Every structure is written in C-alpha cells, then in structure tokens.
C-alpha cells in the first residue's frame, strides 16, 4: 500500500512534488491512502490532481482512501463539487 502524507499548504508550488508522488503511487499499482489531516489550504489545481488520480486509479481497479481529511480539505472539495467523486463526501 502506498501512503501520501499531505502538507498543510497544498498550493501551486506544492503541486509538482505532489504530482510526482501520486504518479509513482499509481504506477506501483498498489492501493493508495492519502493522509489529509494536516491540510489547511488547498489550491484548485491540487484538487484537480487528486481528481485525475482518482480517475486513473479507478480505471486500474485500485482503491484510494482518505485518512483523516481536514475540514479545510473537505470544504474546498465541496465548493468545487468534487467531494463525492474524490471520496470525501461522507466525511
């Protein structure tokens, strides 16, 4: 199982590093857990990365599970209408 631990500030500057981590996780073809408890601010571009990851993982029959998503993460996803598709709708 691959584990991604999110930083508190997931802005555009963090997107490149996060993209590499997510890409590596998908290429490993292992289930993925994302620890989102530290997230205090998240940019729309990063939510798009998570959307792309979720779509790709589903096409490969890989699970993506959020651990402790922060209220800021969930609220930002809800504002963009992405909470359900990202698996954050029930949190």
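Things worth noting here:
- Residue, modelled with the highest pLDDT, within the range 1-12, restricted to residues that are over 15 Å from residue 40 (Cβ atoms) and not in a strand (DSSP E or B): 12
- Residues of the range 1-18 that are more than 17 Å from residue 73 (Cα to Cα) and surrounded by 15 or more Cβ atoms within 10 Å (Cβ to Cβ): 2 alone.
- Qualifying residue in the range 25-44 (condition: surrounded by fewer than 16 Cβ atoms within 10 Å (Cβ to Cβ), touching a helix residue (DSSP H, G or I) at 6+ places or on another chain (Cβ under 7 Å) and free of Cβ contacts under 8 Å to residues at least 40 places away in the same chain): yes
- Wholly enclosed helices (runs of 4 or more DSSP H) of the range 15-91 bearing at least 1 residues within 17 Å of residue 2 (Cβ to Cβ) and modelled with pLDDT under 90: 44-59
The values are calculated or read from the model by the stated rules, or taken from the named source; none is laboratory data. Keep in mind that what you see is a predicted model, and the values were worked out from it rather than measured. Reconstructed Cβ throughout: ideal geometry from the backbone, glycine too, with neighbour counts over all protein chains shown.
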